[in-house]
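Quick one: this structure, given as structure tokens, is what I'll be asking you about.
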Amino acid sequence: METTVEAMTAALLPSPNPVQLIDPTGAEVEQAGTRRDYPMPSAARLREVWRAMVIGRRFDIQATALTKQGRLAVYPSSRGQEACQVGATLSITGDDWLFPTYRESMALVTRGIDPVEVLSLLRGDSHCGYDPIATKTAAQCTPLSTQLIHAAGAGYGEKRRGTDNVALAFIGDGATSEGDFHEALNFAAVFEAPTIFFVQNNKYAISVPLSKQTKAPSLAYKGIGYGVPCEQVDGNDPAAVLAVMDVALQHCRGGNGPFLIEAHTYRLDAHTNADDATRYRSSDEVSAWLERDPIARVEAWLRAHGELNDDIVSATNAEAEAKAAELRDRMNADPSVDPMSLFDNVFAARTPQLDEARAMVATELAADSKEV
Ligand SMILES: Cc1ncc(C[n+]2csc(CCOP(=O)(O)OP(=O)(O)O)c2C)c(N)n1
Ligand SMILES: [Mg+2]
């Protein structure tokens, strides 16, 4: 039977509304009109995600506090985006690749990377504090969308090796306007690279609202022209994030190429500690999103199903507090950093320009040590 363009397009389309399994009050949502089946994840998985979100949020608040104490140069908070950071990350395995942006510190902590190593880039100690190859986790990427090209390549590499591993790449709403986003989608589609493009649409690119970024009905439609199946999900519903990730992973692991997810969410804090969000958004808007809290929502569901009680909540809060205290103590110790390490791992082979800069710093350091 001949496949029509209409049929091919229909297979790629996202659901008309973001997939939601649990509403903001914690009640289960009747599935209607979604383009694919999204079964409710098990209670055990939801409990695991809830626990990681509690720990992740406490970590995030601690990291923001460290900027105020001068212990961290800059921190892009992901408070409010916990369901995306944690749900997407816990859906993949250690054999899969992860490509984070600067906003994904919580995702990296969830992946099990030492929080001090996660924060070392943002403290200015090193280009990347953990081993990207050993952890299968790329360095946090500040140039918008460049990590997507790498993710498409990593996914393609896994395919060529004959594994069923995938590459999960995070990206922001604003970064979908970058050329690299489109090139990565096209490459991944043509070469059937098992890559999940996970767009966290938190409504702003610093101060630029989504309405000035796109005319598309939703960012989830951006894969269709490239032949990439798309879905949109309530990014503050951890159950829906897990369910949509499961479908995307099954698609990728089944040898069908990439998948694009748009998660509708909101960053509750400013872009970074260097930004004043009150200059471009109203407190009413922030309050409305506080009502859609991902942790409270899944907590309500778990309590209603007898999967969570006050004792577990207290113990988990205490665990998160202890982890934050340990992070605070360790970040309060001055790191010992060799300034010359600045020139390591910039390029595979050092360029003449880099050698020149390196020699200049070496001369200055030698002069400084003579003065002492
Ligand atoms: C290529 C490039 N252009 C501009 C910037 C400056 N910049 C840093 S973050 C940012 C906003 C990105 O917004 P979005 O993609 O929505 O991600 P979010 O910060 O909201 O997570 C911009 C423009 C950059 N880092 N890289
Ligand atoms: Mg954004």
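The values are calculated or read from the model by the stated rules, or taken from the named source; none is laboratory data. On a predicted model such as this, the values are computed, not experimentally measured, just so you know. Backbone-built Cβ (ideal geometry, glycine too); neighbour counts: all protein chains shown. SASA here: full protein model, heavy atoms, side chains in, ligands and nucleic acids out. Shrake-Rupley method; radii C 1.70, N 1.55, O 1.52, S 1.80 Å.
Please give the number of the condition residue 50 fails out of (1) out of contact with any strand residue (DSSP E or B) (no Cβ under 7 Å at 6 or more places or on another chain); (2) in a loop (DSSP other than H, G, I, E, B).
(2)
Looking at (1) of a type outside the set (D, E, K, R); (2) open to solvent by 70 Å² or more (accessible area, probe 1.4 Å); (3) under 30 Å from residue 325 (Cβ atoms), find the lone condition where residue 17 falls short.
(3)
What residue, among those in the range 145-187 that are within 18 Å of residue 261 (Cβ to Cβ), in a loop (DSSP other than H, G, I, E, B) and of a type outside the set (S, T, N, Q), is nearest to ligand 2 (Cβ to nearest atom)?
Looking at residues that are within 18 Å of residue 261 (Cβ to Cβ), in a loop (DSSP other than H, G, I, E, B) and of a type outside the set (S, T, N, Q), I get 173.
Kindly check whether there is at least one residue in the range 245-266 that is within 16 Å of ligand 1 (Cβ to nearest atom) and touching a Leu at 6+ places or on another chain (Cβ under 8 Å).
Step one: filter the range 245-266 for residues within 16 Å of ligand 1 (Cβ to nearest atom), giving 260-266.
Those still in the list that are touching a Leu at 6+ places or on another chain (Cβ under 8 Å) too: 260, 262.
Yes; the residues of the range 245-266 include at least one that is within 16 Å of ligand 1 (Cβ to nearest atom) and touching a Leu at 6+ places or on another chain (Cβ under 8 Å).
Does the range 30-40 contain any residue that is touching a Leu at 6+ places or on another chain (Cβ under 7 Å) and modelled with pLDDT of 95 or more? Step through it out loud before you land on a result.
As a first pass, look at the range 30-40 and keep what is touching a Leu at 6+ places or on another chain (Cβ under 7 Å): 35, 38, 40.
The next check asks that each one be modelled with pLDDT of 95 or more; those that pass are 38, 40.
The answer is yes, given that some residue of the range 30-40 is touching a Leu at 6+ places or on another chain (Cβ under 7 Å) and modelled with pLDDT of 95 or more.
Related question: Every residue in the range 188-224 that is away from ligand 2 (no atom under 16 Å from the Cβ) and in contact with a strand residue (DSSP E or B) (Cβ under 9 Å, 6 or more places away or on another chain), please. Steps first, please.
Our first condition is that a residue be away from ligand 2 (no atom under 16 Å from the Cβ); within the range 188-224, this holds for 188-196, 215, 217, 221, 223-224.
If the condition is that a residue be away from ligand 2 (no atom under 16 Å from the Cβ) and in contact with a strand residue (DSSP E or B) (Cβ under 9 Å, 6 or more places away or on another chain), then 188, 193, 194, 195, 196, 221, 223, 224 are the ones that fit.
Also, quick follow-up: Given the criteria basic (Lys, Arg) and either farther than 18 Å from residue 229 by Cα or within 22 Å of the chain's Cα centre (by Cα) (or both), does residue 35 qualify?
no
Conditions tested, residue by residue: (1) modelled with pLDDT of 95 or more; (2) open to solvent by 30 Å² or more (accessible area, probe 1.4 Å); (3) of a type in the set (Lys, Arg); (4) at positive phi.
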position: 98; (1), (2), (3), (4): yes, no, no, no
position: 103; (1), (2), (3), (4): yes, no, yes, no
position: 138; (1), (2), (3), (4): yes, no, no, no
position: 143; (1), (2), (3), (4): yes, yes, no, no
position: 146; (1), (2), (3), (4): yes, yes, no, no
position: 161; (1), (2), (3), (4): yes, yes, yes, no
position: 167; (1), (2), (3), (4): yes, no, no, no
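Suppose we filter 332, 309 for residues that are more than 27 Å from residue 101 (Cα to Cα) and polar (S, T, N, Q); which single one remains? If you could, list the steps in order and put the result at the bottom.
Working: 332 fails: more than 27 Å from residue 101 (Cα to Cα).
Answer to the check: 309.
Tell me, which residue of the range 23-59 that is open to solvent by less than 50 Å² (accessible area, probe 1.4 Å), without any contact (Cβ under 8 Å) to a residue 60 or more places away in the chain and not aliphatic (A, V, I, L, M) is nearest to residue 108 (Cα to Cα)?
56
So for the range 326-334 (the condition being exposed (fewer than 10 other Cβ atoms within 10 Å of the Cβ), more than 27 Å from the chain's Cα centre (by Cα) and of a type in the set (Gly, Ala, Ser)), does at least one residue qualify?
So far as the range 326-334 goes, yes, one or more of its residues are exposed (fewer than 10 other Cβ atoms within 10 Å of the Cβ), more than 27 Å from the chain's Cα centre (by Cα) and of a type in the set (Gly, Ala, Ser).
Something else: Got a sec? Which of 137, 163 is touching a strand residue (DSSP E or B) at 6+ places or on another chain (Cβ under 8 Å) and in the same structural domain as residue 194 (by TED's automatic domain parsing)?
Working: 163 fails: touching a strand residue (DSSP E or B) at 6+ places or on another chain (Cβ under 8 Å).
That would be 137, the only listed residue that is touching a strand residue (DSSP E or B) at 6+ places or on another chain (Cβ under 8 Å) and in the same structural domain as residue 194 (by TED's automatic domain parsing).
Sticking with this one: Identify the residue in the range 213-241 that is in a loop (DSSP other than H, G, I, E, B) and among the small types (Gly, Ala, Ser) and, among all such residues, is surrounded by the most Cβ atoms within 10 Å (Cβ to Cβ). Don't jump to the end; show me each part of the working.
First, the residues of the range 213-241 that are in a loop (DSSP other than H, G, I, E, B): 213-218, 227-229, 235-237.
With the extra rule that they be among the small types (Gly, Ala, Ser), the set shrinks to 216, 218, 227, 235.
Details: 216: 13, 218: 19, 227: 18, 235: 31.
Per the criteria, the residue is 235.
Restricting attention to the range 169-212, which residues are polar (S, T, N, Q), open to solvent by less than 40 Å² (accessible area, probe 1.4 Å) and more than 9 Å from ligand 1 (Cβ to nearest atom)?
We begin by selecting, within the range 169-212, every residue polar (S, T, N, Q); these are 176-177, 186, 195, 200-202, 207, 211.
Restricting the remaining residues to those that are open to solvent by less than 40 Å² (accessible area, probe 1.4 Å) gives 176, 195, 200-202.
Residue satisfying the conditions is 195 alone.
Given the structure, is residue 183 at pLDDT 95 or above and more than 15 Å from residue 226 (Cα to Cα)?
No.
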